[in-house]
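For reference, the structure discussed in these notes is given below.
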């Protein structure tokens, strides 16, 4: 074997130490740092997903609470409640039958056993006071009935009053259908 001098041994020892440090860096430290950076990114994504889930849970809770309230309102209605009949009877009770020119019912089924009843109501020559009373009776708290859209125009042919076209909606149980589906 070749004999090495003291200086050469030191140099080979230093080179071996440098090589060992480089191998340790390449095989242990560098992969550990990469893994740590990857874990930090995963933690950041997980925190964002958690925040998104909290927002979605809040939205879900609001929808669930509103659904419970609507179901309670619908449950308080008399048996056999029909939106069309309710609107017709309310118009009769408020002496608006002569102003009522048309009522067109329709129903849209939702998933499960819920449906949205809709009635397009047209009134002609109605006074503002009578219109306000009719609208109040329709949207009275606790009825689960809403006016989805309304258009009011002044009446010119009949000597005053207002022409009103509105879409009244209500959620009801059951999937039975009347009129055209939309």
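As a footprinting exposure proxy, order 18, 168 by other Cβ within 10 Å, with the fewest listed first. Could you put the intermediate results ahead of the total?
Details: 18 10, 168 24.
If I rank by nearby Cβ atoms, fewest first, I get 18, 168.
Which translational diffusion coefficient, to the nearest whole µm²/s, is obtained for the chain from the Stokes-Einstein equation, given a Kirkwood hydrodynamic radius over C-alpha pairs, 4 °C and 1.567 mPa s? Walk me through the numbers on the way to the answer.
On the way: Rh = 22.8 Å.
Taking Rh from Cα pairs, D becomes 57 µm²/s.
With n ≥ 4 as the cut-off for DSSP H runs, can you work out [θ] at 222 nm for the chain, using -39500 (n - 2.57) per run divided by the number of residues, rounded to the nearest 500? Each step should come with its number before you reach the end.
Working: 4 runs with 87 residues, N = 182.
Result for the chain, helices only: -16500 deg cm²/dmol.
Express in whole angstrom the spacing between the alpha-carbon centres of region 150-169 and region 81-136.
When both Cα centres are located, 14 Å separates them.
Measure nothing but the geometry: give the 0 to 90° angle between the long axis through the Cα atoms of 83-93 and the longest principal axis through the Cα atoms of the chain, rounded to 10°.
Here the helix axis deviates by roughly 40 degrees.
Just rank 101, 169, fewest to most, by other beta-carbon atoms within 10 angstrom.
Neighbour counts put them in this order, fewest first: 101, 169.
Can you tell me the Rg and the Dmax, both Å, for the Cα atoms in region 1-76?
Over region 1-76's Cα set, Rg and Dmax evaluate to 31.7, 104 Å.
Got a sec? How would 143, 67 order by Cβ neighbour count within 10 Å, fewest to most? Kindly include the intermediate steps, with their values, before the conclusion.
Working: 143 17, 67 12.
Ordered from fewest to most neighbouring Cβ atoms within 10 Å, 143, 67 come out as 67, 143.
On C-alpha positions alone, give me the angle between the axis of helix 6-24 and the longest principal axis of the chain, in degrees, nearest 10.
With both axes taken from Cα atoms, the answer is about 10 degrees.
What does the extension gain come out to for residue 43 and residue 55, with contour length at 0.36 nm per residue minus their alpha carbon separation?
Working: separation 12, 0.36 × 12 = 4.32 nm, distance 1.84 nm.
Going from the current span to full extension adds 2.5 nm.
If you line up the long axis of helix 30-75 against the longest principal axis of the chain, both from Cα atoms, how many degrees apart are they, to the nearest 10?
10
Each value in this text was obtained by applying a stated rule to the coordinates, not by laboratory testing. These numbers were taken from a predicted model, which means no experiment stands behind them. Cβ atoms come from the backbone with ideal geometry, glycine included; neighbour counts cover every protein chain shown.
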